[in-house]
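Undergrad: Dropping the structure in here first, questions after.
The values are calculated or read from the model by the stated rules, or taken from the named source; none is laboratory data. If you're wondering where the values come from, they're calculated on a predicted model, not measured in any experiment. Counting neighbours? That spans all protein chains shown, and the Cβs are built from the backbone with ideal geometry, glycine included. Each accessible area value is taken on the protein alone, full model and side chains, heavy atoms only, with ligands, DNA and RNA left out. Shrake-Rupley method; radii C 1.70, N 1.55, O 1.52, S 1.80 Å.
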Amino acid sequence: VMASMAHLQEEKLRLQEEVLGLQEKLTARENDELSHSLQLQGQVETLKEKLLEQAQEIGRLRSELGCTDAEKHRDLLVAENEQLRQEMKACEGELRELRRQQQAPCQDCAHLQENTELQERLSQLQWEAEETRAKLAELDLEVQQKTNRLAEVELRLKDSLAERAEEEERLSRRLRDSQETIASLKSQPQQIKYIIKTVEVESAKAKQALCESQSRNQYLQEQVAMQRQVLKEMEQQLQSSQKTVAQLRAQIVMYEAELERAHGQMLEEMQAMEEEKNRAIEEAFSRAQVEMKAVHENLAGVRTNLLTLQPALRTLTHDYNSLKRQVRDFPLLLQETLQSARAEIGQAIEEVHNTNRELLRKYRRELQLRKKCHNELVRLKGNIRVFGRVRPIMKEDGEGLEAAEVVTFDAEDDAVLHLLHKGKQVSFELDKVFPPQASQEEVFQEVQALVTSCIDGYNVCIFAYGQTGAGKTYTMEGTAANPGINQRALQLLFSEVRGKAADWEYAISVSAAEIYNEALRDLLGKEPQEKLEIKLCPDGSGQLYVPGLTEFSVQSVEDINKVFEFGHVNRATECTNLNEHSSRSHALLIVTVRGLDRSTGLRTTGKLNLVDLAGSERVGRSGAEGSRLREAQHINKSLSALGDVIYALRSRQGHVPFRNSKLTYLLQDSLSGDSKTLMMVQVSPAKKNTSETLCSLKFAERVRSVELGPVSRKAELASWPSQEQLEVTKGPPGDSPGTRAPPGRGHMSPSAGQLSSRAASIRRKLQASG
Ligand code: ADP
Ligand code: MG
C-alpha cells in the first residue's frame, strides 16, 4: 500500500506538471489568439480608415456626380460597417474579460481543489470556446453578407459602366452624326459655315465634358479595383484566422480528452486505494477482535486456575511444613527403622536359608527317587529292547516272483509280523514292528525317550542290525530330505539342553569311528588309517577310553552336519567302494552329553552310541576266500559277540564277554550297568531275501526272548547261538522253536541243559560279588 501510495504521489506530481504545462500552452495560445485578434483589430482599423476614405471619396464624387444607386448602396455598406465595428468592440470587451479571468491567480494548491478549479476552468473555457465559435460563425455570416453585398456593388458598378459605355456610344454616334451633318453642311458653304462654327463651338464643349467624365470614370474604376483587392486580402486573412481557430479547437478537444483520461485514471486509482485501505482496516479489526477474544478467554482460564490453585497452595504449604518437621525427625526414625529392618532381614535370610536347605534335601531325595523309579520302569520294560523295521519293496528288488512281498503284519498287534517261508507263515513277536510305510518321524518317536535319558546321565546304545540293503543306513543316517535317528537325536538333544539351560550347563561332543576287520579307526581324525587302541582309564575308575579318538564339541545342527560330512569324506577316501566297504564295517557315532547342575554342582555324563552294523548276511560258506573270507569271519565274530554280550546282560550273568570283539569292548560302558540298548532289526520284504530275513528275525526274537527270570531258566538259556548256529537253526519252520512262541518259551537250544552247570557257577560268582 505504501509503495502504491508513493507511486500515486509521483503520478500526481507528474500530472500536476502536465497540467501546468497545459496551462502554459493555453495561455500561450490565448496570447496568440490575442495577438491575432489585435492584428485583426489593426486590419479592421485600417479597413475602417480605408472605408472612411472611400466614403469621403464617394461623398466627393457624389457631390460631383450627384447621388446614384451605387452611392446609396455604399451608404448602406458604411452603416453595416459601423454595426460590425460595434460588434467588434463587444468582442474585444469579451476578450478582455477573458484575459482578466485567465489572469485571476490560482490560490489554492491542494490537488483536489486544483482539480476542481481546473475542471471549472475547463468548462468555462469550453463554454467560452463555444461562444467564440458562435461569434466566429456570426462573423463568417457577416463576411458572407459583405461579400454578397460587394458582389452586388460590383454588379451595379458594371451596370453603371455599361450605361456609361452606352452613353459614350450614343455620344460618339451623335459625334459621327454631327460630323456627317458638318460634312453635308460644308457643301452648303455659308450656312454651313455658320452651322459649322456653332457646331464646332458646341462639339468642343461636349468634347471637354466627355474627356472629363471619361477621366473620372477611369478613376472610379481604379478605386473599385483597389476596393476589390482590399476585400480579397481581408477574405484571405479571415480564412487563415478561421483555420487557426479550427486548429486551436482541435487541440482544445485533444487536451480535454487527455485531461479527462488522466482525471479518470486518478479517480480509479484513488478508488482502488480507498478500497484497499478499507479492506486492510477491516481485516486488522477482525484479527484484533479474535485475538482479543482469545486473550479474554485466557484471562478467564488463568483466573479460574488461580482460584483453584489457592487452596492447593494452602495444602502444599501445610504439607511442606509437616514434611519439614518429618525431615527434622527423619535421621532418628531412619536409625530405628534400619535397626529393625536389619534384624528382620537377618531373620528372613535365616528362614530362607533353612527353607532352601530343606528344599535341596527334598530335591535330592526326589531326584534319587525319580532315578530309582525310572530304572525300575526300565527294568520292568527291559533295558534291552528289540524293534523290527521292514523296508518297502524297491526297484532294486526286481520284478515278478522274486520281488513278491513275503512279510505281512498283524492289524491288531503292532509287535507281530508274519513271514511266508516255503509256503508257511512263520510269526515273530518283537517289542515293536515298523511296517514299510512307517516314516522316519514315527520311528524316532519310539526312540526319543532313550535319547533324552542320555541327558540324565544314562548311557544308551542303538544298533541297526540286518542284511545289506535292508535299510540300516537309512534308519540311522537317512537322507538329506528325510534324516534318520542320528540327526534327529542330536537335534532333540540340542532342544532339550536349551530347555534346561536355566538350571543346567551342558556340553555336547561327538566322535565318529569305524570297526573294520576288528580294527578301530577314527573317522574324524587327521590320520583315519591309524588303528586305535581301547584302554583303561588310568584314574582307576575302571572306565575305558580310546586315546587319540577325536572329539568335536558341537553347538548346533549345522555343526553336526559338518561333522557328518567330514566323517563321510574320510570314510570314502579310505576305500575304493564305499557301499561295499560300509556293509563290511561297523560305523559308530558317539555322542557325549556332559551336564552341570548350577544349583547343586551335580555333574552328569551320558553317552549315546549310534551304531550302523555291518551286513549280517552270510557269505557262502564254501565260496569265500582270502580277504572276503577274513571279512566275513570278522563280521560273524563281532555280531556273535554282540549277541553274546546282550544275552549275558539280559540274563544278568556275572561274566559278560565284552572283550570278545572290539565293538563290545568299546561299548562296554554303554552296555553294562543301568545302560539302555535298542536293537533295530532291519529286514527286506522281498521273496528273494526270505532266508536272510528269517535269520535276522530269529536273531531279533532270540535277543528279545532272553529275559530275567528264575536261575533255572537263565541256565536253560545260558547259551547264545553264534552266527553259525543261527544258520544251522535256519531251515524249515518245523525245525525252528515253534512259530510265534511266547517270550521265554520254546526257544531252548538243544545244548541248553549241558550248560546249566556253567550258568550256576556264574550265578554263584555273582552272589559272591554281592
Ligand atoms: P543297508 O544300510 O542296510 O545296507 P540302506 O539303508 O542302504 O541299507 O537301504 C538300501 C536302500 O533302500 C536305500 O536306497 C534306502 O534308501 C532304501 N530304503 C531302506 N529303507 C527304506 C525305507 N524305510 N523307506 C524308503 N527307502 C528305504
Ligand atoms: Mg548301510
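Undergrad: Could you tell me what a quarter of the Cα convex hull surface of the range 430-587 works out to, in nm² with one decimal place?
TA: 11.3 nm²
Undergrad: Taking loop as defined by DSSP and a crowding limit of 14 other beta carbons within 10 Å, which trypsin sites (Lys or Arg not before Pro) in the range 339-440 fit?
TA: LYS422
Undergrad: Show me the GluC sites (Glu not before Pro) within the range 382-434 that DSSP assigns to loop and that have at most 15 other Cβ atoms within 10 Å of their Cβ.
TA: Details: sites: GLU396, GLU399, GLU402, GLU405, GLU412, GLU429; in loops: GLU399, GLU412.
Counting only loop positions with at most 15 other Cβ atoms within 10 Å, the GluC sites (Glu not before Pro) in the range 382-434 are GLU399, GLU412.
Undergrad: Same structure, new question: May I ask you to compute the full-extension gain from PHE330 to TYR545, defined as 0.36 nm times their residue separation minus their alpha-carbon distance, rounded to one decimal in nm?
TA: Length gained between PHE330 and TYR545: 70.4 nm.
Undergrad: At q = 0.27, 0.31 Å⁻¹, what log₁₀ I(q)/I(0) does a Debye calculation on the Cα points of the range 8-58 give, no solvent, two decimals?
TA: With no solvent term, the Cα-only Debye profile gives -0.90, -0.98.
Undergrad: Quick check on my link table: of LYS432/LYS607; LYS526/LYS562; LYS72/LYS243; LYS25/LYS50; LYS422/LYS676, which ones sit more than 27 Å apart, alpha carbon to alpha carbon?
TA: Long pairs (Cα-Cα over 27 Å): LYS72/LYS243; LYS25/LYS50; LYS422/LYS676.
Undergrad: Looking only at the range 262-286, which residues have a backbone nitrogen under 11 Å from a spot 7 Å from the Cα of MET5 in the C-beta direction?
TA: From the range 262-286, the list is 277.
Undergrad: Something else about it: If we count every other residue with Cβ under 12 angstrom of GLU283's Cβ, Lys/Arg +1 and Asp/Glu -1, where does the sum land?
TA: Details: positive: LYS277, ARG279, ARG287; negative: GLU276, GLU282.
Counting the neighbours of GLU283, the net charge comes to +1.
Undergrad: Could you give the size of the charge dipole of the range 257-381 about its Cα centre, using +1 on the Cβ of each K and R and -1 on the Cβ of each D and E, expressed in debye and rounded to the nearest 20?
TA: With only Lys, Arg, Asp and Glu charged at Cβ, the dipole is about 2740 debye.
Undergrad: Each residue of the range 681-696 in order: what ³J(HN,Hα) in whole Hz does its phi give by Karplus 6.51 cos²θ - 1.76 cosθ + 1.60, θ = phi - 60°, with x for Gly and Pro?
TA: The phi angles translate into 8, 8, 9, 9, x, 6, 4, 5, 9, 3, 5, 5, 4, 4, 4, 4 Hz.
Undergrad: Still on this model: Using per-residue counts of other Cβ atoms within 10 Å, averaged over each peptide, order 211-221, 47-57, 688-698 from highest down.
TA: Highest to lowest by the protection proxy: 688-698, 47-57, 211-221.
Undergrad: Here's another thing I want to ask about it. What net charge is computed for the residues neighbouring ASP559, neighbours being all others with C-beta under 14 Å from the C-beta of ASP559, Lys and Arg scored +1, Asp and Glu -1?
TA: Once positives and negatives cancel, what remains is -2.
Undergrad: Rounded, prolate or oblate: which one fits the range 257-381, using the alpha carbon gyration tensor with axes a ≥ b ≥ c (rounded when a/c is under 1.5, else prolate when a/b beats b/c, else oblate)?
TA: Working: a/c = 8.31, a/b = 2.44, b/c = 3.40.
Since a/c reaches 1.5 but b/c is at least a/b, the shape of the range 257-381 is classed as oblate.
Undergrad: Further question: How would you rank 253-265, 607-619, 483-495, highest first, on the average number of other Cβ atoms within 10 Å across their residues?
TA: In decreasing order of mean packing, 253-265, 607-619, 483-495 become 607-619, 483-495, 253-265.
Undergrad: State the Cα centre-to-centre distance between the range 111-156 and the range 447-495 in whole Å.
TA: The range 111-156 and the range 447-495 have Cα centres separated by 138 Å.
Undergrad: Note down the nm distance, to one decimal, between modelled labels 7 Å out along Cα→Cβ at ARG149 and at SER215.
TA: So the label points at ARG149 and SER215 sit 3.3 nm apart.
Undergrad: Can you grab the distance from the C-alpha centre of the range 273-316 to the C-alpha centre of the range 10-27, Å, no decimals?
TA: 53 Å
Undergrad: Continuing with the same structure: Leaving ligands, DNA and RNA out of it, rank TYR320, TYR363 by accessible area with a 1.4 Å probe, largest first. If you can, show how the numbers build up before the last one.
TA: Details: TYR320 125, TYR363 85 Å².
Largest to smallest exposure gives the sequence TYR320, TYR363.
Undergrad: Give me the net charge for the shell around GLN440: Cβ to Cβ below 14 angstrom, other residues only, Lys and Arg +1, Asp and Glu -1.
TA: Residues close to GLN440 contribute a combined charge of 0.
Undergrad: Going by amide H atoms built from the backbone, whose H comes under 5 Å of the H on THR550, apart from near neighbours?
TA: LEU524, GLY525
Undergrad: Can you give the extra length, in nm with one decimal, that the chain gains between LYS531 and SER439 once fully stretched, where that is 0.36 nm per residue apart less the Cα-Cα distance? Please report the intermediate quantities before stating the final value.
TA: Working: separation 92, 0.36 × 92 = 33.12 nm, distance 3.72 nm.
Computed gain between LYS531 and SER439 is 29.4 nm.
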